[in-house]
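Enquirer: Here it is: the structure, laid out below.
The values are calculated or read from the model by the stated rules, or taken from the named source; none is laboratory data. Small disclaimer: the values here were computed from a predicted structure and weren't measured. Only protein heavy atoms, including side chains, enter the accessible area calculation; ligands, DNA and RNA are left aside. Shrake-Rupley method; radii C 1.70, N 1.55, O 1.52, S 1.80 Å.
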Amino acid sequence: RYFVSEDSDVEVKIFDLAGELAAELTQQARGGLDNEITWNVQDVPSGVYFAHINLNSAAGNKDSKIIKIAVIK
């Protein structure tokens, strides 16, 4: 879940600890609302992953963040 103040294009690239791309997710986020993007981990092994989140707003603003994700089955 995430919140953006302006309508934005959101791209999430998820990497395993070896740096291999595990998933790539994109979404149009609505400004001023809570948004949610779902990663289907049914075929993903348990472990630690890093998500690199890139945001490009309709007004031209850009931001990025890296977060750690744990998948436990």
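Enquirer: Quick one: give the max-minus-min coordinate of the C-alpha atoms of the stretch 22-73 along each principal axis, largest first, in Å.
Expert: Taking max minus min along each principal axis of the Cα atoms, the stretch 22-73 gives 39, 17, 16 Å.
Enquirer: Additional query: Tell me the carbon and sulfur percent of the accessible area for the chain, rounded to whole percent, probe radius 1.4 Å.
Expert: Within the chain, the accessible surface is 49 percent carbon and sulfur.
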